[in-house]
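*Asks:* Before I ask anything, let me first share the structure, which is written out below as C-alpha cells.
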Amino acid sequence: MGIPDMQWAQVVEKAGGGVIYKQIPVQKPSSDEILVNIKYSGVCHSDLHLMKGDWSIQSKTPFVGGHEGAGVVTAKGELVTDIEIGDHVGVKWINGSCLACHFCRQSDEPLCPKALTTGYAVNGTFQQYCIAKATHVSKIPKGVPLDAVAPVLCAGITVYKGLKESGARPGQTVAIVGAGGGLGTMAQQYAKAMGLRIIAIDGGEEKGDACKQLGAETYIDFLKSDDIVRDVKNST
C-alpha cells in the first residue's frame, strides 16, 4: 500500500482550545529525514500541558503533539543510508540537533541550541505519519512489540538515564521517589533488571503493595514517615 497524501491527526489549533481530530497532509522527508508510519504512541503529561497552554513558552500553532511514537519506516531521504524502508523505529522527544556543538558531542543533545523537539517544535506522533531526523530515531528489533516500546521512548529513557548516571552497581541499593507512579514503576523494573536493590518511596498502602510486587525490598510511606532520609539510611 502506498503512502497517502492525507492522514488523520490530533491537532491543537490554539493553546487551551482542546484537540481536533482532522485530516492533514502527509509530509515528505527531506534529505536527512525519514517518514514513519506511527503504529503506537504513548501520551506524556507534557503533551497535556502543551495542549492546555500551561507553559509560558508555547509551541507553534496549529501543532500535533506526541513524542513517544513507535512505527515503521515508509520513506527516507537520499542521504539516509543506515535505515531501510520497513525498519521499525522509535521517535523520541529530541527529533534532531546540530550534532556539532559542545552539547551534542557529549551526548547532551537536549541542550543543543538548534535542537528540534517532537510534538513541540515539529509535529509529533499523534498522527499516522511522522517526520524525524534519521540520526535521532532509535532502531527497534522487529521481534519487539511496538506497543510496549512506545512509552519507553520518554519515560523509559528518563529513568534509565537517572539509574545509569547514579553509578549504582549490581547488589547496591537505590531509593526511588514516586516509585508507585508512571516513571517510578518503570524505574523499579529497570533497577531490578540491572541487579539493584530497591527502596521505594511513595504514599499509601496501595502504592506500597504495587511497589513490592515490582520487587522493592523496602517501602517507605511518606505519609507516615517522620524522617524519610533517616528511614532510607536505616534500610541500607
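*Asks:* Tell me whether segment 155-174 contains one or more residues that are within 30 Å of Glu13 (Cα to Cα) and touching a residue at least 40 places away in the same chain (Cβ under 8 Å).
*Replies:* Keep residues of segment 155-174 that are within 30 Å of Glu13 (Cα to Cα), which gives 155-158.
Now drop any that are not touching a residue at least 40 places away in the same chain (Cβ under 8 Å), which leaves 155, 157.
So far as segment 155-174 goes, yes, one or more of its residues are within 30 Å of Glu13 (Cα to Cα) and touching a residue at least 40 places away in the same chain (Cβ under 8 Å).
*Asks:* Of all residues in segment 111-159, which are in a loop (DSSP other than H, G, I, E, B), touching an Asp or Glu at 6+ places or on another chain (Cβ under 9 Å) and under 18 Å from Val43 (Cβ atoms)?
*Replies:* Residues satisfying the conditions are Gly119, Gly124, Thr125, Phe126, Cys154.
For (1) more than 30 Å from Gly143 (Cα to Cα); (2) surrounded by 12 or more Cβ atoms within 10 Å (Cβ to Cβ); (3) assigned by TED's automatic domain parsing to the domain that holds Thr135, each residue gets a yes or a no:
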residue	(1), (2), (3)
Val12	yes, yes, yes
Gly17	yes, yes, yes
Pro29	no, yes, yes
Val73	no, yes, yes
Asp87	no, yes, yes
Ser107	no, no, yes
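*Asks:* Could you please find all residues in segment 79-94 being in a loop (DSSP other than H, G, I, E, B), under 19 Å from Lys39 (Cα atoms) and either in contact with a Phe, Trp or Tyr (Cβ under 6 Å, 6 or more places away or on another chain) or not aromatic (Phe, Trp, Tyr) (or both)? Break it down into steps so the answer makes sense when it comes.
*Replies:* Within segment 79-94, the first condition is being in a loop (DSSP other than H, G, I, E, B), and the residues that meet it are 79-87, 92-93.
Narrowing the set further to residues that are under 19 Å from Lys39 (Cα atoms) leaves 83-87, 92-93.
Across segment 79-94, the qualifying residues are Ile83, Glu84, Ile85, Gly86, Asp87, Lys92.
*Asks:* Return the only residue of Gly162, Gly167, Gly124 being assigned by TED's automatic domain parsing to the domain that holds Cys98, closer than 30 Å to Leu99 by Cα and not hydrophobic (A, V, I, L, M, F, W, C). Walk me through it before giving the result.
*Replies:* Details: Gly162 fails: assigned by TED's automatic domain parsing to the domain that holds Cys98; Gly167 fails: assigned by TED's automatic domain parsing to the domain that holds Cys98.
That would be Gly124, the only listed residue that is assigned by TED's automatic domain parsing to the domain that holds Cys98, closer than 30 Å to Leu99 by Cα and not hydrophobic (A, V, I, L, M, F, W, C).
*Asks:* Residues to consider are Ala150, Ala134, Ala155; find the one that is more than 16 Å from the chain's Cα centre (by Cα) and surrounded by 17 or more Cβ atoms within 10 Å (Cβ to Cβ). Lay out the reasoning, then the answer.
*Replies:* Details: Ala150 fails: more than 16 Å from the chain's Cα centre (by Cα); Ala155 fails: more than 16 Å from the chain's Cα centre (by Cα).
The conditions single out Ala134.
*Asks:* Take segment 62-79 and flag every residue that is touching a residue at least 40 places away in the same chain (Cβ under 8 Å) and aliphatic (A, V, I, L, M). Spell out how you get there, then give the answer.
*Replies:* First, pick out the residues of segment 62-79 that are touching a residue at least 40 places away in the same chain (Cβ under 8 Å): 62-71, 74-79.
Residues satisfying the conditions are Val64, Ala70, Ala75, Leu79.
*Asks:* Which residues, taken from segment 30-58, are charged (D, E, K, R) and under 18 Å from Val11 (Cβ atoms)? Lay out the reasoning, then the answer.
*Replies:* Restricting attention to segment 30-58, the residues satisfying the condition of being charged (D, E, K, R) are 32-33, 39, 47, 52, 54.
Result: Asp47, Lys52.
The values are calculated or read from the model by the stated rules, or taken from the named source; none is laboratory data. Being a predicted model, the structure only gives us computed values, none of them experimental. Quick reminder, even Gly has a Cβ in these numbers, built from the backbone with ideal geometry, and neighbours come from all protein chains shown.
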